[in-house]
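Structure first, commentary second.
We did not get these values from a lab; they are worked out from the coordinates using the rules stated. Computed from a predicted model, the values in this text were never measured in an experiment. Here the Cβ is made from the backbone with ideal geometry for all residues, glycine too, and neighbour counts use every protein chain on show.
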């Protein structure tokens, strides 16, 4: 199973159980140890690989311990400090990491609450942990572009030099992406001024600002809409694939020869014979597109996939009574969407071009 699948499987476990976790120790056992073992591939019960409550000989306070140290080739390479699930990660809570980073040969430090993982190194000054992470992985909304870098810290593909060399670029790209996401969500005046000055020759007065702010917001929303729509067309078969509105009833197709992949991060329907269900890449791509659209209105962690024999379902809060969409991809291709005000109905089928569809803006990528 690839690292992406392992991370998605853990993400689903976190969504299912995070409400039950109330302590830091429970966070370690339920989420952090599985991350170290199943995602990164280290044996958490082998003290030559994973050292719990690690202590350094010098440079730290008496009795102070770090939650985990991960060793590779006999040397401590990664330090891990854990906070309780749902607790915000702040650099002021990482004082132990700072001290241990300076007192050991470790080049990577991780601050985590079991769901969000912040990765630090020493780009700014040798042997001194940076104040800002070079990589932030949020398992509630996984950025697939970060997984190849995460894989370089896994046991079977460990490559510290490559991680360090890429850390500088990752650090600034991550910060820039978060700034851009914030501007797309709520443009600041300087951002509005920058774009307005590119298209308007007059002075940037308060009146002009008030005039252009909604235009900037609308333009950015339409831009994201077009990007999502382009990706949807590509997922459905390239630039020649079109979608059209349909008022028919979506058929429920069966796939009698399906076999269930036990490693799939998608939850099967509770009453289904799971041995006859398989989750295809096409269905997963459809789920990602639906999630990208829906998380503009709800938290990504609330959007859950559930596969059945007849269709692939996307649910709100993992609740069958709160369906968002159903994907019929087994034979004839169709999708239905649900509304709180109307019954579920099909919204498009694959067919020759008749009309375009509108896609709302994508959600923020953290």
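Here is how the numbers come out for the structure above:
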{"item": "Helices (runs of 4 or more DSSP H) enclosed by the stretch 126-206 - at least 3 residues per element that are over 29 Å from residue 221 (Cβ atoms) and more than 21 Å from the chain's Cα centre (by Cα)", "result": "160-185"}
{"item": "Selection from the stretch 144-166 of residues that are surrounded by 15 or more Cβ atoms within 10 Å (Cβ to Cβ) and farther than 22 Å from residue 42 by Cα", "result": "166"}
{"item": "Verdict on residue 217 being under 27 Å from residue 295 (Cβ atoms) and surrounded by 15 or more Cβ atoms within 10 Å (Cβ to Cβ)", "result": "yes"}
{"item": "Count of the stretch 110-125 residues which are touching a helix residue (DSSP H, G or I) at 6+ places or on another chain (Cβ under 8 Å) and in a loop (DSSP other than H, G, I, E, B)", "result": "6"}
